[in-house]
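A.B. asks: The structure is given below, and queries will be raised subsequently.
The values are calculated or read from the model by the stated rules, or taken from the named source; none is laboratory data. Values in this document were obtained by computation on a predicted structure and should not be read as measured data. Using ideal geometry, Cβ is built from the backbone for each residue, glycine included, and neighbour counts are taken over all protein chains shown. Side chains are part of the model used for accessible areas, which takes the heavy atoms of the whole protein and leaves out ligands, DNA and RNA. Shrake-Rupley method; radii C 1.70, N 1.55, O 1.52, S 1.80 Å.
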Amino acid sequence: MSNSSQLKLFSRLALAASASLVFAGTAAAADKTLTVYTYESFITEWGPGAKVAEAFEKTCECKVNYVGVADGVELLTRLKLEGEASKADIVLGLDTNLVAEAKATGFFAPHGIEAAGITVPGSFSDDTFVPYDYGHFAVVYDTETLKTPPKSLKELVEGDASQKIVIEDPRTSTPGLGLLLWVKAVYGDEAGAAWAKLKDRVLTVTPGWSEAYGLFTKGEAPMVLSYTTSPAYHMVAENTERYQAAAFSEGHYIQIEVAGMTKNAKEPELAKQFLTFMTGAEFQSIIPTTNWMMPVAATKEPLPDAFNKLVKPENTFLLPSEEVAKNRKAWIDEWLAAMSKN
Amino acid sequence: MFALRENRMTIVAGALCLGAFLLFVGLAIVALLAQTGGTDGSTLFDAYIWRVTRFTLLQATLSTLLSILFAMPVARALARRPRFFGRIWLLRLMALPLGLPVLVGALGLIEIWGRQGFLNSGLRLLGLQQPVSIYGLFGILLAHVFFNMPLAARLFLAGLERIPAEYWRSAANLGMPSHALFRFIEWPVLRGLMPGAAGLVFMLCATSFTLVLTLGGGPAASTIEVAIYQALRFDFDPPRAIALSGLQIAMTGILLLILRRLATEPQEGMTGGRTMRRFDGSTWAARLTDGAWIALALLFLGAPLVAIVVSGLEADLLKLVRDGNVHRALVTSAAIALASALASVTMAATMIRAAKTVVSPRQTGPAARGFAGAIGASTSLILLVPPVVLGAGWFLLLRPFGDVARFAPVIVVAINALMALPFVHRILAPAMATHAARSDRLTASLGIRGFHRLRWIDLPALRKPLLMALSFAMALSLGDLGAVALFGSQDMVTLPWLLYSRMGSYRTADAAGLALFLGLLCLIFTILGTADDNRRPEGRKA
């Protein structure tokens, strides 16, 4: 068939056009290769990926090979699709809400490393997953249009409905799920009623963080659900203090990002070595200004000044991963019911 | 004898295309269903799904109605005014929204219609306190009309431009007034095209996802596509995702059937092929209405696009132009778009010819009608199979053959080609039917066959629709993110992927700049698509 051969020809062209990176990677291969699955923004040119690989390769006489997918949730989907055949040695970029589900797949092995130097608010520790950074969810607001930001979740829920917020959808995004759990942790059984009240303040619910933040920076709403670390980016990279996070008196819900090694890792020793390296000062120093998250262990130098200006929650919420996995559907249904009422 | 053999070959080629197509989709679905795990046993059709289905139907029906109602007068005005300054650029502009990632389009619309947008700022200056709110059903409809009205208008315009010149001549001789022209000449053409155009727009709106959520104002505005995405992503429940796709297909399939009942078989008039010249529309009233519709369309489409350009110009374009990642993404996107479009057009043309040959008056049996029907249905309904389902299925199928990323380009091109089929089919099928009615007997009697026929008879006559189909298919695959997303990134970074990636890490200005590049690339494709419109007819007086 002429069209199928055409298809082949042009797909080869496409392949050739895009494969240069892949080949560049394999050509320089050292004797051992550690394959790290991660989310895409980790390995963009401004992300921590390249620096991390360079630093680790100095200590291991190996080659770090990244495979990037859209985000943390996609990471788990990818693993389920690949099953036992997965080439991943390390999976880096799941968050605490996905831990129970990730363990249930049976693809992960206990890390068995000493993680004494790690301090995460809310005390998270696990025999399979090692934290490498964290951030608290926060309402980020535009100081030019909102002079009196809410000081608590209660104030957000009950405040002036004409001051809008853009939030993300818990059905499709991690920050959306974060806010759902935050409200749940604060309001418990009253969460449904709280959402019904907050509903009037919600300008719209976007499928992901990018859409929400895009609307926010276009000035469509004075508030958006994001992270306590978001202002750090604007201060460091754009030199503006316009966007700030609002400190909530009840406390903030935390997102802890973790990594784990797979059961079928081809290089288990190397994987273990990487997890240890990940909690060390070298790796941790790279994280703040590339991944825009907080380090979980000591860094080589003090953090940039902007990080000292960030909201430091006095109280941290974190629901156990098993509880989240068990109740997620029911809680989303509760959210849907409250948010869909007219 | 020869003609018979050629007919048989045409049919076999079409059958092969259809087979490959069905196999590609079927295998992916089987692979996903065979995947164990997932289903938590919850019932599929709970209250949530019904609510979502109802909303999907509501918004898609309204969006389609509005798009079609807007598109018809615009198409008529453009057909009546074959020559005015910038007409060709307006036509090119109309292919542009399709090639933009929906998020870019949505942000452009927000610059005009949003709370802080151009319109509301203007209204506030006038002292109005209650700004227009884009968030809610209004915003969804607005965005869907923005993306789909131009598509429908181009389809209608192409139909109106195929009306034989003799009709206009006779009508002018008879002194038919404008409303009679519409009733007897234009309306039958529009009505014939309506089911195809409306069906296509309906499917695009029914499967809309980012737009519906972003502009919908809350989860009350969710489509089935949201539930599919949720099932495959957060819950990893492939059987549920497939069942929901099935629901979507069944719902739309019924609607397409109803629409087809409304259609009338188009009457193909013979023509000497002289250049069309219309004699109507010279009154001041006609000029004014046409001018108003054209201006309205230009404003409605142009304003958000201008907003996108303005945001894009604020980016550090020099840095982006020098960025190696951007170069690679440009080349990758262009290559994928070209490959998908060629594959799609070849496949569509082969299948349309086969369907046409098989239902030719002498040999129409139930089997033949079924074959033609299968081609029609599958090239339409493919839009309802989420690319992410196809991608995930093929991921599973290719897993045993080593690194799946190696196959990514082939799969992505194949998926994009399939997704473009409905567009290509709607552009090519009416044009090919007209062409066949005008040339088949003559070429058969002259014994012109095979390559000669293709080279000297078919290609010259079908140049314009072929180019238009190619450019639409390219634009479509250019703006696509769905298929690429699954296969990981550093292997194959496309321009929309790069754009989303920048946007996802606070680099909004970069993203706006990339949107500008994407728009320019798309414009280049649409210039190619209208290349033939500029050619002066040879050897005839215009």
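A.B. asks: Is segment A:281-321 rounded, prolate or oblate when judged by the Cα gyration tensor, a ≥ b ≥ c being the square roots of its eigenvalues, rounded requiring a/c under 1.5 and prolate requiring a/b larger than b/c?
C.D. replies: Because a/c hits 1.5 or more and a/b fails to exceed b/c, segment A:281-321 counts as oblate.
A.B. asks: When you take every Cα atom in the protein assembly as shown, what is the radius of gyration, and what is Dmax, the widest Cα pair distance, in Å?
C.D. replies: Considering the protein assembly as shown through its Cα atoms, Rg and Dmax are 28.5, 95 Å.
A.B. asks: Sticking with this structure for a sec: Counting other Cβ atoms within 10 Å, keep those with at most 14, restrict to DSSP loop, and tell me which chymotrypsin sites (Phe, Trp or Tyr not before Pro) in segment B:41-142 are left.
C.D. replies: Passing sites in segment B:41-142 are B:Phe45, B:Phe84, B:Phe85.
A.B. asks: Connecting C-alpha atoms closer than 10 Å in a GNM of chain A, tell me which of A:Ala237, A:Ala325, A:Ala245 has the biggest fluctuation.
C.D. replies: A:Ala237
A.B. asks: Okay, moving on. Please report the spacing between the Cα centers of segment A:298-318 and segment A:127-195 in Å, no decimals.
C.D. replies: 19 Å
A.B. asks: Quantify how strongly other chains surround peptide A:209-217 by giving the mean number of their Cβ atoms within 10 Å of each of its Cβ atoms.
C.D. replies: What the average comes to for A:209-217 is 6.
A.B. asks: Percent relative contact order of segment A:90-209, based on C-alpha pairs within less than 8 angstrom and at least six residues apart?
C.D. replies: 22 percent
A.B. asks: Ignoring ligands, DNA and RNA, what accessible area per residue does segment B:413-517 give at 1.4 Å, in Å²?
C.D. replies: Per residue, segment B:413-517 has 32 Å² of solvent-accessible surface.
A.B. asks: Summarise the accessible area of chain B (1.4 Å probe, protein heavy atoms) by the percent that is carbon and sulfur.
C.D. replies: Here it works out to 67 percent.
A.B. asks: Please list 3J(HN,Hα) in residue order for segment B:240-251, calculated via the Karplus relation 6.51 cos²θ - 1.76 cosθ + 1.60 where θ = phi - 60°; whole Hz, with x for glycine and proline.
C.D. replies: Once θ is set to phi - 60°, the couplings for segment B:240-251 become 5, 4, 6, 4, 5, 4, x, 4, 4, 5, 4, 4 Hz.
A.B. asks: I've got another one for you. Placing unit charges on C-beta atoms (Lys and Arg positive, Asp and Glu negative, everything else neutral), compute the dipole magnitude of the protein assembly as shown about its Cα centre in debye, rounded to 20.
C.D. replies: 5160 debye
A.B. asks: What residues in segment B:370-417 lose 20 Å² or more of accessible surface when the other protein chains are added to their chain alone (1.4 Å probe)?
C.D. replies: B:Phe395, B:Arg399, B:Asp403, B:Pro409, B:Val410, B:Val413
A.B. asks: What aspartates and glutamates could a cross-link reach from A:Lys218, if we take a straight Cα to Cα line under 12 Å and drop same-chain neighbours fewer than 8 places away?
C.D. replies: Here the aspartates and glutamates satisfying the reach criterion relative to A:Lys218 are A:Asp142, B:Glu111.
A.B. asks: Given the pairs A:Lys58/A:Lys87; A:Lys266/B:Lys319; A:Lys164/A:Lys312; A:Lys197/A:Lys326; A:Lys154/A:Lys341, which span a C-alpha to C-alpha distance of over 32 angstrom in this model?
C.D. replies: A:Lys266/B:Lys319
A.B. asks: Run the accessible area of segment A:165-270 with a 1.4 Å probe and give the carbon-and-sulfur part as a rounded percent.
C.D. replies: Whole-percent figure for carbon plus sulfur exposure: 45.
A.B. asks: Separate question: Cα centroid distance between segment B:54-111 and segment B:417-451, in Å?
C.D. replies: If we compute the Cα centre of each part, the gap is 27 Å.
A.B. asks: Moving on. Output ³J(HN,Hα) for segment B:196-212: one whole-Hz value per residue in order, computed from phi by the Karplus curve 6.51 cos²θ - 1.76 cosθ + 1.60 with θ = phi - 60°, and x for Gly and Pro.
C.D. replies: Using θ = phi - 60°, the values come out as x, 5, 5, x, 5, 4, 4, 5, 5, 6, 5, 8, 5, 9, 4, 4, 5 Hz.
A.B. asks: Using only DSSP helix segments of four residues or longer, with each worth -39500 (n - 2.57), what per-residue ellipticity at 222 nm results for chain A after dividing by its residue count and rounding to 500?
C.D. replies: That calculation yields -13000 deg cm²/dmol at 222 nm.
A.B. asks: Under a crude label model (7 Å from the Cα following the beta-carbon direction), how far is B:Val321 from B:Val30 in nanometres?
C.D. replies: It works out to 5.3 nm between the two label points.
A.B. asks: Of all the accessible heavy-atom surface of segment A:280-338, with the other protein chains kept in place and a 1.4 Å probe, what percent is carbon and sulfur?
C.D. replies: Carbon and sulfur atoms account for 52 percent of the accessible area of segment A:280-338.
A.B. asks: A follow-up question, please. In sequence order, what are the phi-derived ³J(HN,Hα) couplings for segment A:307-319 according to the Karplus relation 6.51 cos²θ - 1.76 cosθ + 1.60 with θ = phi - 60°, rounded to whole Hz, with x for glycine and proline?
C.D. replies: Whole-Hz 3J(HN,Hα) from phi for segment A:307-319: 5, 6, 8, 6, 5, 10, x, 7, 10, 10, 9, 7, 7.
A.B. asks: Return the value, in Å² to the nearest 100, of accessible area buried between chains B and A (probe 1.4 Å, both sides summed).
C.D. replies: 6300 Å²
A.B. asks: Given 0.36 nm per residue, what is the gain on full extension from B:Glu161 to B:Leu23 after removing their alpha carbon distance, in nm?
C.D. replies: Taking B:Glu161 through B:Leu23 to full extension adds about 46.0 nm, to one decimal.
A.B. asks: So what is the relative contact order of chain B, in percent, for Cα pairs below 8 Å that sit 6 or more residues apart?
C.D. replies: Relative contact order comes out at 25 percent.
A.B. asks: If you don't mind, there's one more thing I want to ask. Return the Rg/Rh value of chain A, two decimal places, where both radii are evaluated on C-alpha atoms and Rh is the Kirkwood radius.
C.D. replies: 1.00
A.B. asks: Report the relative contact order of chain A, percent, no decimals, based on alpha-carbon pairs under 8 angstrom and at least 6 residues apart.
C.D. replies: 25 percent
A.B. asks: Given the C-alpha centroids of segment B:166-242 and segment B:112-134, what is the distance between them in whole angstrom?
C.D. replies: If we compute the Cα centre of each part, the gap is 29 Å.
A.B. asks: Right, here's the next one. Quick one: grab the alpha carbon gyration tensor of segment B:194-246, order the square roots of its eigenvalues as a ≥ b ≥ c, and give me rounded if a/c is under 1.5, else prolate or oblate depending on whether a/b is larger than b/c.
C.D. replies: oblate
A.B. asks: From the square roots a ≥ b ≥ c of the eigenvalues of the alpha-carbon gyration tensor of segment B:116-222, which class results: rounded (a/c under 1.5), prolate (a/b over b/c), or oblate?
C.D. replies: Here segment B:116-222 falls in the oblate category.
A.B. asks: Taking a probe of 1.4 Å, how large is the accessible area per residue of segment A:219-272, in Å²?
C.D. replies: 31 Å²
A.B. asks: Quick one: net charge of A:Thr299's neighbours, Cβ under 15 Å, K/R +1, D/E -1?
C.D. replies: Local net charge: -2.
A.B. asks: For segment A:63-169, what is the accessible area per residue in Å² when the probe is 1.4 Å?
C.D. replies: For segment A:63-169, the solvent-accessible area averages 34 Å² per residue.
A.B. asks: Provide a whole-number value for the mean count of partner chain Cβ atoms within 10 Å of the Cβ atoms in peptide A:71-84.
C.D. replies: Whole-number average of other-chain Cβ neighbours for A:71-84 is 4.
A.B. asks: Could you tally the net charge around B:Val102, taking each other residue with its Cβ under 14 Å from the Cβ of B:Val102, Lys/Arg +1 and Asp/Glu -1?
C.D. replies: -3
A.B. asks: Let me ask something else about it. Going by amide H atoms built from the backbone, whose H comes under 5 Å of the H on A:Tyr134, apart from near neighbours?
C.D. replies: It is A:Glu257, A:Met294, by chain and number.
A.B. asks: With angles folded into 0 to 90 degrees, how steeply does helix A:49-60 sit against the dominant principal axis of chain A? Use alpha carbons for both and round to 10.
C.D. replies: Computed tilt is about 50 degrees.
A.B. asks: Under the definition of partner shielding as Cβ atoms of other protein chains within 10 Å of a residue Cβ, what is the mean value for peptide B:207-219?
C.D. replies: Mean shielding count: 5.
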